Structures are given as structure tokens and as C-alpha cells.
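For reference, the structure discussed in these notes is given below.
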Amino acid sequence: VLHLLERCGARFHISGLDDLSKLQGPVVFVGNHMSSFETVILPGLINPIRPCTYVVKEKLMKGHIWGPIMRSRDPIPVTRKDARKDLDAVMTQGVALLANGRSIIIFPQGTRKNIFNRADMNSLGVKLAARAAVPVVPVAVKTDYWGNSPVFRGFGPVHRDRPVYIEFGTAMSVDGRGKAVHEEVVRFIESRLVSWGAAVEKP
């Protein structure tokens, strides 16, 4: 997929992958969600280094096109309708997967957004990492190269003039309730987006 996107004019700027190979075990990747791009690309970048899956909306596993791709990753599905049920699913299945050596990708914003607002970033990923006693790795992405379409969701227009930026941060151990780590994850993502010229809402 990455090579096909390059043939379509995508210009990739990816950093921090070298640090992933130095990790001793599974981690929780916490990233912002801008387009379908990162859903497709991140597992392809991470899996050659360590096995991973992600937390996804349950309905995405039922589509004719994305469904088979999502199901192939054996993800953790959430309904986005029952917060307590979703929390239990992420914690129960997530801890089990992490204990078996599988890293997990979480997009706390819940849905794709071109404008970043730190208030949209919940702390679910950090809470999962704390429960499983594994590190958190922040992931900042600017993937508006692949636009969002209100009609054909996941198949928006391509903007060849917009470079793709993906940066993996340093792994962080979670102490206590993880408030400080969550703040550092948000700060990392926000600062990278600002440096890349992405739209960021001020608090």
C-alpha cells in the first residue's frame, strides 16, 4: 500500500522507527487520527518490527472493502454507543493481547479530524498501558494527503501537494493514574502537528 501511495504522489516523512526495534516488549501506541491513511499504514510500518493490532469501531469490521482488512488484524472492536462496555472490552482484551506480546494502536479521538483539539484526546490508551504494565509510545501523524469524504467515507480526495508526516515518540512508562504521561503524549502530538503546519485549536 505504501508503494502504491508513493506512485500516487505521496511524499513520506517517517521518523522514530529505529527506536521501536530497541523496545523489549509490547507497547500501547497512542496517536491522533486524521484520515484512513494511518489506519492502513501504521500496522504495515510496525508489524515488521513487532506484532500489533488496534482498537476499531465495530461497524468498520463489517464493510465490504475495509471489513476484511480490519478483521485480518484481529482488532479490539468497540461500539462507541456504550462507554462502559467499550472500556471493559479494551481493558480485558487489550491486557490479554499485550500479555501475549502484541502491541496495540489506539486513536483516542475516536473519529478522524483535520483540526486537532487536545480536548478530544481521552486517556484510554494510557489507562490500558497502566493496567497491562507496558510503556506508551506517542504517534503523531499528518495524513491529510488522503482526504475525508462525507459521501464515501474512507475514500476522500488525494492532495498530492500535502506531504505525509509520521513520527513515533519515545516510549514512556506509566506511573500511578498516568495523568503526566497522558499530558506528555498530547503535548508531543500537538507540537509535531504545529511544526508541520497542521491546524490546531488553541485551548
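The values are calculated or read from the model by the stated rules, or taken from the named source; none is laboratory data. These numbers come from a predicted model, not from an experiment. All Cβ positions, even for glycine, are placed from backbone atoms using ideal geometry, and neighbour counts span all protein chains on display. For the accessible areas, the whole protein counts, side chains as well, though only heavy atoms, and no ligand, DNA or RNA atoms are used. Shrake-Rupley method; radii C 1.70, N 1.55, O 1.52, S 1.80 Å.
Side notes on the structure shown:
- Of the DSSP H helices in the chain, those whose Cα atoms cover at least 18 Å axially and whose Kyte score averages -1.0 or more: 83-99, 179-195
- Counting only DSSP beta bridges with both residues in the chain, the antiparallel share comes to about 25 percent.
- Where only DSSP H runs of four or more residues are counted, the chain gives -10500 deg cm²/dmol as its mean residue ellipticity at 222 nm, each run worth -39500 (n - 2.57).
- Base-10 log of normalised Debye intensity for the range 1-112 (one unit scatterer per alpha-carbon) at q = 0.12, 0.18, 0.20 Å⁻¹: -0.45, -1.00, -1.21
- In the range 80-168, the chymotrypsin sites (Phe, Trp or Tyr not before Pro) that fall in loop regions by DSSP, at most 10 other Cβ within 10 Å: Phe152
- Full extension of the segment from Ala99 to Ala119, taken as 0.36 nm per residue of separation minus the current Cα-Cα distance, would add 4.2 nm.
- Computed on protein heavy atoms with a 1.4 Å probe, the accessible areas place His159, His33 in the order His159, His33, largest first.
- Reachable aspartates and glutamates from Lys85, criterion Cα separation under 19 angstrom, eight or more residues apart if same chain: Glu58, Asp74
- Taking all protein chains into account, the per residue accessible area for the range 83-135 stands at 47 Å² (1.4 Å probe).
- Expressed as a whole percent, the accessible area of the chain that falls on carbon and sulfur atoms is 54 (1.4 Å probe).
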